[in-house]
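Data block below; observations after.
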Amino acid sequence: MRQEDLYINKIDWITILIYASLVILGWFNIYAAVYDGEAAKSIFDFSINSGKQLVWIGTAVLLITLIMVADHRLFENLSLVLYGIFLFFLLITPFFGKEINGQRAWFEIGAFRLQPAEFAKFATALALAKFMERPTFDLGQGKYQLQALAIIFIPVALIMLQPDTGTAMVYSAFFVMLYREGMPQRYYIFGLSFITISLLALGIENNIYIVLGVVVLVLALIWLGKKKWSRIIGFSVLGLLVIGYTYSLDYVVSKLPEHQQNRIMVLFNPDLDPLGVGWNVTQSKIAIGSGGLMGKGYLEGTQTKFDFVPEQHTDFIFCTLGEEFGWLGSFVVIFLFCALLIRLVFLAERQKNRFSRVYGYGVISILFFHFMINIAMTIGLFPVVGIPLPFISYGGSSLWSFTILLFIFIKLDSHRIQLLGRMS
C-alpha cells in the first residue's frame, strides 16, 4: 500500500461527515433567516448573507485542503509563533479595528470582516499543547499552573480591551482540558461554589436567606468534624467571606456597563423589560416554542420572516431552526453536536503523544462551550453574551476559526503513528 493511501485511510471521515452536515444545515438556516417571501433572492445570491456564507464555505474548503496537505509537524513547530502573531493582532485591534455596537473587535476587508479573537482560540490551544507536552510539566505544581493560566488569560486581557466579554468568556473553556490533564480538583470545587453563590445572590431578593443558609452550613461542618480551633476559625472566616461577597455583589454588578447589567437581570426576571433588553430572548423562546414537534416548515417561520428576533442569522440562529423544524430539527442538531464531541473525545484519548491529546481536548473544550452557551442563551438559561453556534451561525471569522481548530486536530490524529515514532 502506498504511503498516500495509508494516510487517507487514517483520516477520521466520521468527524468530517458530521462537520459537513453541520455546515450545510447552517447554510440553509442562514438563508431561512434572511428569506422574505415573494421578494426573496436566490440562496446563491452574493448580495445576501447566504451567498456570502457560501463564499466563506468555499474558502473553508481551501483551508481544509491546505491543512491536510501540510506537514503534520508544522503545527507543533509554529505553535508559539502563531500564538505570538495573534496576540499582536489582539493588541492592535482596539486601536485599528472597526467599531461595531461599541466594540472594536473586527478588521474590515471590503464587504467582509475578520475577528482576530476568533482565530486566537486555536493559537492558544496550540500554545498550551506545546507548553504542556514537556515530560516535566505537572499541573499539580503551582509554577506550571501559573504558566498554563498565563497562556490563557493574556489573550483574555487583550480581548477585554475591545471590549468583547462574550468571546473572552470562551477561554474559560480551557479549564475542561486542564482538568483532564491533572489540574487539582479544589480549583473546580471553588469555581462551582463561586458560581452557585453568585447565582443565589443575584436570584434571591433578600440576602438574609443566604446568610442563614451559610450559618447553618458552617455550624454543620463544625459539628460533624473534629472540634479543633484551627478548623472552627477556618470555617467561620470562610462563612464570613461568603456573606461579605453576597452583600457586595450588587455593588459589583452596578459598576458593569448598563447593557451587561440588564442582561444579567433579565436572566432572573424575563418580564423585567420585555420590549427592551428582554426582547431578544423573549422572541427567541416564542419562535422555538411555536415550532412545536415538526416545525412550521422550511422558509415558513413567521418570527423569522418578520424579523422579530434580532441577530437571528448569527447568535440566535438556533431559534430559526427551532421554529421551522421544531423539536425534531432541534434534536437532530443537538445530536450532531453531541456525536461530534463524543467522537472527538474518542480521538483525543487514542493519541500517542501529549501534544495531540492536549490540543484535542482544547478543541473539545471550545466547541462544547460555544454549543452549550449559545443554545442556553437562546432559550433563556444564560445571559445573552454574543457567541456563535459553531459551523451554523453566519460569519466568516467563526467558520474559518472553527474549521482550522477542528481540522488541525484531524490532521494530527491521522499521523498519530508517526508522532509516536518521533517520540520514541
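The values are calculated or read from the model by the stated rules, or taken from the named source; none is laboratory data. Since the model is a prediction, treat every value here as computed from it, not as a measurement. Heads up, the Cβs are rebuilt from the backbone with ideal geometry, glycines too, and the neighbour counts pull from every protein chain shown. Remember, those area values only see protein heavy atoms, side chains included, never the ligands or the DNA or RNA. Shrake-Rupley method; radii C 1.70, N 1.55, O 1.52, S 1.80 Å.
Counting helices only, and only those DSSP H runs with n ≥ 4, report the 222 nm mean residue ellipticity of the chain as the sum of -39,500 (n - 2.57) divided by its residues, in deg cm²/dmol to the nearest 500. Mind dumping the intermediate values first?
Details: 19 runs with 297 residues, N = 424.
Taking each H run of at least 4 residues, the total per residue is -23000 deg cm²/dmol.
Based on alpha-carbon positions alone, could you give the equivalent ellipsoid semi-axes of the chain from the gyration tensor, as √(5λ), descending, whole Å?
Details: eigenvalues 264, 208, 80 Å².
Gyration-tensor ellipsoid for the chain: 36, 32, 20 Å.
Please state the charge dipole magnitude for the range 295-375, taken about the Cα centre, from unit charges on C-beta atoms (+1 on K and R, -1 on D and E), reported in debye and rounded to the nearest 20.
Its charge dipole is roughly 700 debye.
Could you work out the local net charge near A348, counting Lys and Arg as +1, Asp and Glu as -1, over the other residues with Cβ closer than 15 Å to its Cβ?
Once positives and negatives cancel, what remains is +3.
Using only the alpha carbons of the range 47-128, determine the length spanned along each of the three principal axes and report them from longest to shortest in whole angstroms.
That gives 39, 30, 16 Å along the principal axes, largest extent first.
Within the chain, which whole H helices from DSSP have a Cα span along their axis of at least 18 Å and a mean Kyte-Doolittle hydropathy of -0.5 or more, if any?
13-34, 49-69, 79-96, 116-132, 142-160, 185-203, 208-224, 229-254, 317-349, 354-378, 396-414
So, counting K/R as plus one and D/E as minus one, what does the shell of residues with Cβ under 14 Å around E108 add up to? Working shown, then result.
On the way: positive: K52, K98, R104, R113; negative: E99.
Every neighbour counted, the sum reads +3.
To the nearest 20 debye, what is the magnitude of the charge dipole of the range 151-254 about its Cα centre, counting +1 on the Cβ of each Lys and Arg and -1 on the Cβ of each Asp and Glu?
680 debye
Points 7 angstrom from Cα along the Cβ direction at R354 and M160: gap in nanometres?
In this crude label model, R354 to M160 measures out at 2.9 nm.
Of the peptides 323-334, 182-193, 93-104, 395-406, how do they stack up when ordered by the mean number of other Cβ atoms within 10 Å, highest first?
Top of the packing list down: 395-406, 323-334, 93-104, 182-193.
Accessible area per residue, 1.4 Å probe, Å², for the range 1-150: what's the number?
Solvent-accessible surface per residue comes out at 52 Å².
Ignoring any ligand, DNA or RNA, what whole percent of the accessible area of the chain comes from carbon and sulfur when the probe is 1.4 angstrom? Working shown, then result.
Values: 14530 of 20870 Å².
Result for the chain: 70 percent of the exposed heavy-atom area is carbon or sulfur.
Can you give me the Kirkwood hydrodynamic radius for the range 70-189, using every pair of distinct Cα atoms, in Å to one decimal?
The Cα-based Kirkwood calculation yields 15.4 Å.
If I model a spin label at A20 and F382 as a point 7 Å from the Cα along the Cα→Cβ vector, what separation in nanometres do I get?
Roughly 3.0 nm, to one decimal.
Ranked highest first by average number of other Cβ atoms within 10 Å, how do 194-201, 165-172, 12-19 line up?
The densest-packed peptide leads the list: 165-172, 12-19, 194-201.
What distance in nm separates the simple spin-label points at Y251 and F95, each placed 7 Å from Cα in the Cβ direction?
3.6 nm
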